[in-house]
Amino acid sequence: MSLPRPSSAAIAPRPFLKWVGGKGQLLQQYRAFFPTQFDTYYEPFLGGGAVFFFLSSHLRQAYLTDINPELVNVYQCVQQNVDEVLHHLAEHRRAHCSEHYYDVRASEGRSPEERAARLIYLNKTCFNGLYRENSKGKFNVPMGRYKNPGIFDPDVLYAASAVLQRAIITRQTFDHVLDIAQSPRDFVYFDPPYHPISATSNFTGYNRYAFGEAEQRRLFQTFVTLAERGVQVMLSNSDCPFIRDLYSTCDRAHIHTISAVRLVNCNAQRRGRITEVLVTSYKPPLQSI
């Protein structure tokens, strides 16, 4: 199926997935901290890609990676074969109901494009737009209660596909960036699973890949190595003593405080405004991007 392409005056590129920890609400605060000059952008924890889409008009080339194979597949398919993904999404929109949702959730999809459309469909129709896997990597979120979920949105996917043409998208662990980012003209943004802010909030992810204290320390060493090369690095994380103490040991790290709103918590009283940290390997520029 081939759909009419949106005009050049269509919407600006934006995330097409709702992702836990997505940075859409923080971009205006982050804006003052982005470097103003760089040639290549790297995002090793891709997730919903809010920062990539925000910066896309400034990018010549990007390397986008994530450890989640289904997430990587979605981006590759939207980049390379968006019409086929939209074809399957149109079918999901026509068939959407409780029975169809749980049938799709129990299936895996035969082709890469079917798998991509499956993930987008489930993301748009599941409870709270929450991507969550069990220990076997199976999506296990119940259906949400939406009157008109945005399952099929060609303009959004075409806009995303257009800017993804500038990107190399692969499945990698975050430290793969050490093999490719070498220059002060490189900009790396890390958005890892956040470290728990207390002993009782020790949940660190919504998929099969654990990210505990050992991984946070390995990420810190990756940050330090890149910073020592002169690579421009920015990292977001929770505002907690462990993270502040860890990055304060690096004399190249500048720690900034950001105000955020937590939308996902099983306890409604714990949702609301909190602080997060933004760590940069450079002093924030005088002008924002």
### Message
Looking only at residues that are in a helix (DSSP H, G or I) and of a type in the set (S, T, N, Q) in the range 21-50, which one is nearest to Asn123 (Cα to Cα)?
### Response
Gln25
### Query
In the range 97-121, what residues are surrounded by 19 or more Cβ atoms within 10 Å (Cβ to Cβ) and hydrophobic (A, V, I, L, M, F, W, C)?
Val104, Ala116, Ala117, Leu119, Ile120
### Task
Just give me the residues in the range 264-289 being at pLDDT below 95, surrounded by 14 or more Cβ atoms within 10 Å (Cβ to Cβ) and under 17 Å from Asn237 (Cα atoms), in sequence order.
Ile274
### Query
Restricting to the range 161-170, what's the tally of residues that are surrounded by 17 or more Cβ atoms within 10 Å (Cβ to Cβ) and either in contact with a Gly (Cβ under 8 Å, 6 or more places away or on another chain) or not hydrophobic (A, V, I, L, M, F, W, C) (or both)?
1
### Task
From the list Gln80, Gln76, pick out the single residue that is under 17 Å from the mean Cα position of the chain (by Cα), polar (S, T, N, Q) and at negative phi.
Gln76
#### Entry: helices (runs of 4 or more DSSP H) wholly inside the range 86-167 that include at least 2 residues being in contact (Cβ under 8 Å) with a residue 60 or more places away in the chain
112-125, 154-164
### Query
How many of the residues in the range 223-241 are crowded, with 22+ Cβ neighbours inside 10 Å and either part of a helix (DSSP H, G or I) or among the acidic types (Asp, Glu) (or both)?
2
### Task
Looking only at the range 83-96, count how many residues are under 24 Å from the mean Cα position of the chain (by Cα) and surrounded by fewer than 16 Cβ atoms within 10 Å (Cβ to Cβ).
1
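Looking at Gly144, is it touching a strand residue (DSSP E or B) at 6+ places or on another chain (Cβ under 8 Å) and surrounded by fewer than 17 Cβ atoms within 10 Å (Cβ to Cβ)? If you could, list the steps in order and put the result at the bottom.
Values: touching a strand residue (DSSP E or B) at 6+ places or on another chain (Cβ under 8 Å): yes; surrounded by fewer than 17 Cβ atoms within 10 Å (Cβ to Cβ): yes.
Yes: the conditions hold for Gly144.
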### Message
Could you go through the range 177-196 and let me know if any residue there is touching a residue at least 24 places away in the same chain (Cβ under 8 Å), more than 30 Å from Asp239 (Cα to Cα) and of a type in the set (Gly, Ala, Ser).
### Response
no
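Would you be able to say whether some residue in the range 37-60 is on the phi > 0 side of the Ramachandran plot and buried (at least 22 other Cβ atoms within 10 Å of the Cβ)?
Let us first name the residues in the range 37-60 that are on the phi > 0 side of the Ramachandran plot, namely 47, 49.
Subsequent filtering for residues that are buried (at least 22 other Cβ atoms within 10 Å of the Cβ) retains 47, 49.
Taking every residue of the range 37-60 in turn, at least one turns out to be on the phi > 0 side of the Ramachandran plot and buried (at least 22 other Cβ atoms within 10 Å of the Cβ).
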### Task
Check Val141 against each of (1) of a type outside the set (Gly, Ala, Ser); (2) modelled with pLDDT under 95; (3) more than 21 Å from Asn68 (Cβ to Cβ) and name the one condition it does not meet.
(3)
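The values are calculated or read from the model by the stated rules, or taken from the named source; none is laboratory data. Keep in mind that this is a model prediction, so the values were computed, not measured. Virtual Cβ from ideal backbone geometry, glycine too; neighbours counted across all protein chains shown.
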